[in-house]
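This report refers to the structure that appears directly beneath it.
No lab work stands behind these numbers, since they all come straight from the coordinates. These numbers come from a predicted model, not from an experiment. Virtual Cβ from ideal backbone geometry, glycine too; neighbours counted across all protein chains shown.
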Amino acid sequence: MQKPSCLRQGDTVRIIAPASPFSRQKFMAGVTILRELGLKPVWRDDIFSSCDYLAGDDARRAGEMVQAFRDPDSAAVFPARGGFGCARTCIAIGNEVELPPKLLVGFSDITALHAFFGRKGVVTIHGPNVTTLPSMEPDTLEQYRRTIFGLDRGRDQAWDGLRPVTPGRAAGSVLAANLTVLVSLAGTSLMPDLRGRILVLEDLNEKPYRLDRMLFQLSLQPGFGQVAAVVFGDFMLEGDDIPLFERTVAGFAGRWGVPVVTGFPLGHGRANDCIGEGVDAELDAADGRLVARAPVSPRGPVNS
């Protein structure tokens, strides 16, 4: 897998809208954070386009994404938000179109973009979208900063305190994804290869029976029998849905026969850490520890 170069202060970064429309206020708040980090965010005038539930038609979104990755002056591409539409954007671009590898950070529906580049052998980063940056807790923003600037280069990323469901150790490459989007890619050219993967899953306010349905479908996908481990992030559940989903996870974990943990800081809440898509990782489920390789490569001197 080819890692993107880390960012440096003063870099220009392109913001795109490959999925749904978004709040201009949240967008500008996220832009302010990027500027405070020392970056120069730029975007096309038509980024605020709206076509029902999409940020403009497929041709607009696909053209914007191609332009962003081909822009020689930009060092990264940051989606404004998720929602719906990224798979349509990728299909409109087509697999035959060559896009230079650049740092890409996003989550939720951006899962489809991660899948698109993952099939091309390029590492991307599962992390906050531009419009979610203002709602992130300080520790998450600091982890975001350190990740995109490569300040921990040469070191692994590590998370402790995960809750074991099925103990054991596993090694594999990371596939972090929104569960709904991942399942929706089944049977398409964008569906990732599940073999040897450490799956890191999140979702938003789906009822446990719907999560059961999606986990069941995912379990039946080609290659799932060779999954190395499953890590559950934040599913934004409340009340009685929490213990019900915990029982659902335990039931699947018992059948999967691989290490399973919960409690990873990834999802639609205020904690949404960056983790590289396609990087090598190790999970010790009994100790509740996940270690992953850094997702960016050095690019000369960096700021600390």
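Some notes on this structure:
- Rounded to 10°, Cα long-axis angle of helix 208-219 versus longest principal axis of the chain: 90 degrees
- Computed from Cα atoms, the angle from the helix 58-70 axis to the main principal axis of the chain rounds to 80 degrees.
- Cα-based shape type of segment 184-304, given that a ≥ b ≥ c are square roots of the gyration tensor eigenvalues and the cut on a/c is 1.5: prolate
- Sum of side-chain charges, M136 neighbourhood, beta-carbon under 10 Å (Lys, Arg +1; Asp, Glu -1): -3
- Cα gyration tensor shape of segment 1-117, rounded if a/c is under 1.5, else prolate or oblate by comparing a/b with b/c: oblate
- Where only C-alpha atoms are counted, convex hull volume of the chain per residue in Å³: 123 Å³
- Loop-exposed GluC sites (Glu not before Pro) per DSSP, neighbour cap 15 Cβ within 10 angstrom, longest uninterrupted part of the chain: 99-237
- Ranking of R210, R197 by neighbouring Cβ atoms within 10 Å, starting from the fewest: R210, R197.
- Each Cα pair under 8 Å and six or more residues apart adds its separation to the average, and for the chain the resulting relative contact order is 24 percent.
- For T12, the amide hydrogen comes within under 5 Å of the amide hydrogens of K40, A75, counting only partners 5 or more places away or on other chains and with H modelled in the peptide plane.
- Least to most buried among K26, K120 (fewest other Cβ within 10 Å first): K120, K26
- Neighbour net charge for L99 - beta-carbon separation under 15 angstrom, K R +1, D E -1: +2
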